[in-house]
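Here the structure comes first, spelled out in structure tokens, and everything after it is commentary.
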Amino acid sequence: MTRDMLTAIARQIYARHVAHAAAPGDAGLRGALEAALAAVLRERFLPPGPWHLARPQGGYAETPDDDPIYLYQDLPVAIRRERHLNNGQPSFIAGLIARGRPHRGMRAVHVGAGTGYYTALMARLAGREGRVLGIEHDPDLAAHAAAALGDLPQVRVLAGDGAAMPLPAADLILVNAGAAYPAEAWLDALATGGRLILPLTAGPLPGTPVTRGAIFLIEREAEDRYAARCLSPTLIYPCAGARDPEAERALGRALAAGGQEAVRRLCRGDALPEAGCWLRGPGWCLAYG
């Protein structure tokens, strides 16, 4: 059996396991995720091997050689090891995409696209009738993503600040980096019924650029009404365009006090009394009840 045949088998097994972990209770979505994961070659979105796989106990383990079969594990793989920048854990990122209820024909935005692997998964889920915009702050990573995604006509890749540029109307926005606040551009772009997957993180962990916080699902229910809830804690690389020292300190205090599980809505404006807010920023708050 050839190396390519073995890798294809490994990729199919990986796709089955990752899809089950990401969407265990939805057979239709699980099947769509499995098909997308099986169709996307992870090695196209990584530097040349051998690769460095992130170990659960910390650090990296180098693969013995450049055989891509080693990539089809549910582990992050280093993109820029010296910066602690990884191609994230597949089941976790695929699970976030699943929480955004992806569907064929969707309009999606991926902020922090990196080298484009998860952008490719979103594009496969959207189908050729959909539209996916990948945005990456690092121009070298954006160039890699654009080249790797070149066979998917429904995808466009931009290099720049995904928190500042105007965005097209979107049914799903995945922010794949830690922001200190929800950027107005993201909230404005959500179509009615659209979902924003938003990691909110405070300052970096000591000795690393990685930030700690929580992931929120924001859904635009009407023109001026947004539901919100906390999905999980997270450790994630920071979003370069959506950081602010004052916002980080306020978020750090809120996370230390707890209570994010009780958040039920995002309010724009400053009218809501302080007692109703878990976290407030200029012109917005995450609110209880």
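The values are calculated or read from the model by the stated rules, or taken from the named source; none is laboratory data. Keep in mind the model is a prediction, meaning the values are calculated, not measured. Ideal geometry is used to build each Cβ from the backbone, glycine not excepted, and the neighbour counts take in all protein chains shown. These accessible areas exclude ligands, DNA and RNA; they are computed on the full protein's heavy atoms, side chains included. Shrake-Rupley method; radii C 1.70, N 1.55, O 1.52, S 1.80 Å.
Residues in region 1-20 that are open to solvent by 40 Å² or more (accessible area, probe 1.4 Å), in a helix (DSSP H, G or I) and farther than 17 Å from LEU125 by Cα: how many? Explain how you work it out, then say what you get.
Initially, region 1-20 is screened for residues open to solvent by 40 Å² or more (accessible area, probe 1.4 Å), giving 1-6, 8-9, 12-13, 16-17, 20.
Pick out the ones that are also in a helix (DSSP H, G or I) and you get 3-6, 8-9, 12-13, 16-17, 20.
Of the ones still in play, those that are also farther than 17 Å from LEU125 by Cα are 3-6, 8-9, 13, 17.
Adding up the residues that qualify gives 8.
Here is a list: ALA98, ALA126. Which entry is closer than 19 Å to ALA39 by Cα and touching a Lys or Arg at 6+ places or on another chain (Cβ under 8 Å)? Walk me through it before giving the result.
Details: ALA98 fails: touching a Lys or Arg at 6+ places or on another chain (Cβ under 8 Å).
The unique qualifying residue is ALA126.
Consider ILE135 carefully, then state whether it is under 19 Å from ARG229 (Cα atoms) and crowded, with 23+ Cβ neighbours inside 10 Å. So that I can check it myself, show each step before the final result.
Working: under 19 Å from ARG229 (Cα atoms): no; crowded, with 23+ Cβ neighbours inside 10 Å: yes.
When the stated conditions are applied, ILE135 does not pass them.
Give me the pairs: first residue in region 128-152 and part of a helix (DSSP H, G or I), second residue among the β-branched types (Val, Ile, Thr), beta-carbon distance under 6 Å, and six or more apart or on different chains, which are they?
LEU141/THR115; ALA142/VAL157; HIS144/THR115; ALA145/THR115; ALA145/VAL157; ALA146/VAL157
Is it the case, given these coordinates, that LEU29 is under 20 Å from ALA148 (Cβ atoms), open to solvent by less than 30 Å² (accessible area, probe 1.4 Å) and either of a type in the set (A, V, I, L, M, F, W, C) or more than 21 Å from the chain's Cα centre (by Cα) (or both)?
Numbers: under 20 Å from ALA148 (Cβ atoms): no; open to solvent by less than 30 Å² (accessible area, probe 1.4 Å): yes; either of a type in the set (A, V, I, L, M, F, W, C) or more than 21 Å from the chain's Cα centre (by Cα) (or both): yes.
Here the answer is no, as LEU29 does not meet what is asked.
Anything in region 174-226 that is open to solvent by 40 Å² or more (accessible area, probe 1.4 Å), assigned to a strand (DSSP E or B) and more than 21 Å from GLY283 (Cα to Cα)? List them, or say none.
Listed by number, the residues that qualify are PRO204, ARG212.
Among the residues of region 59-82, count how many are assigned to a loop (DSSP other than H, G, I, E, B) and within 20 Å of ARG16 (Cβ to Cβ). Give the derivation first.
Step one: list which residues in region 59-82 are assigned to a loop (DSSP other than H, G, I, E, B), which gives 59, 63-67, 72-76.
With the extra rule that they be within 20 Å of ARG16 (Cβ to Cβ), the set shrinks to 72-76.
Residues in region 59-82 being assigned to a loop (DSSP other than H, G, I, E, B) and within 20 Å of ARG16 (Cβ to Cβ): 5 in total.
Scan region 21-36 residue by residue and report those that are part of a helix (DSSP H, G or I) and in contact (Cβ under 8 Å) with a residue 12 or more places away in the chain. Before the answer, list the steps.
To start, the set of residues in region 21-36 that are part of a helix (DSSP H, G or I) comprises 21-22, 27-36.
Answer for region 21-36, where residues must be part of a helix (DSSP H, G or I) and in contact (Cβ under 8 Å) with a residue 12 or more places away in the chain: ALA21, ALA22, LEU29, GLY31, ALA32, LEU33, GLU34, ALA35, ALA36.
If I go through region 105-117 residue by residue, how many of them are buried (at least 18 other Cβ atoms within 10 Å of the Cβ) and more than 18 Å from ALA159 (Cα to Cα)? Steps first, please.
Taking region 105-117 as the starting set, the residues that turn out to be buried (at least 18 other Cβ atoms within 10 Å of the Cβ) are 106-117.
Still in the list and also more than 18 Å from ALA159 (Cα to Cα): 106-107.
Final tally of qualifying residues: 2.
Only residues that are touching a Pro at 6+ places or on another chain (Cβ under 8 Å) and of a type in the set (S, T, N, Q): list them for region 209-232, please.
Once the filter is applied, which keeps residues that are touching a Pro at 6+ places or on another chain (Cβ under 8 Å) and of a type in the set (S, T, N, Q), region 209-232 yields only THR211.
Would you check which residues across region 39-71 are open to solvent by 40 Å² or more (accessible area, probe 1.4 Å), closer than 22 Å to ALA15 by Cβ and either among the aromatic types (Phe, Trp, Tyr) or in contact with a helix residue (DSSP H, G or I) (Cβ under 8 Å, 6 or more places away or on another chain) (or both) and list them?
Listed by number, the residues that qualify are ALA39, LEU41, GLU43, ARG44, ILE69, TYR70.
Conditions: (1) more than 20 Å from the chain's Cα centre (by Cα); (2) part of a loop (DSSP other than H, G, I, E, B); (3) not acidic (Asp, Glu). PRO56 meets all but one. Number of the miss?
(1)
I'm trying to understand the selection: among the residues of region 80-104, which are open to solvent by 30 Å² or more (accessible area, probe 1.4 Å) and not polar (S, T, N, Q)?
Listed by number, the residues that qualify are ARG80, ARG81, GLU82, ARG83, HIS84, PHE92, ARG99, ARG101, HIS103, ARG104.
Within region 100-113, which residues are under 10 Å from the mean Cα position of the chain (by Cα), assigned to a loop (DSSP other than H, G, I, E, B) and of a type outside the set (A, V, I, L, M, F, W, C)?
Of everything in region 100-113, just one residue is under 10 Å from the mean Cα position of the chain (by Cα), assigned to a loop (DSSP other than H, G, I, E, B) and of a type outside the set (A, V, I, L, M, F, W, C), namely GLY112.
Can you name every residue in region 1-15 that is charged (D, E, K, R) and in contact with a Lys or Arg (Cβ under 9 Å, 6 or more places away or on another chain)?
First, the residues of region 1-15 that are charged (D, E, K, R): 3-4, 11.
Result: ARG11, single match.
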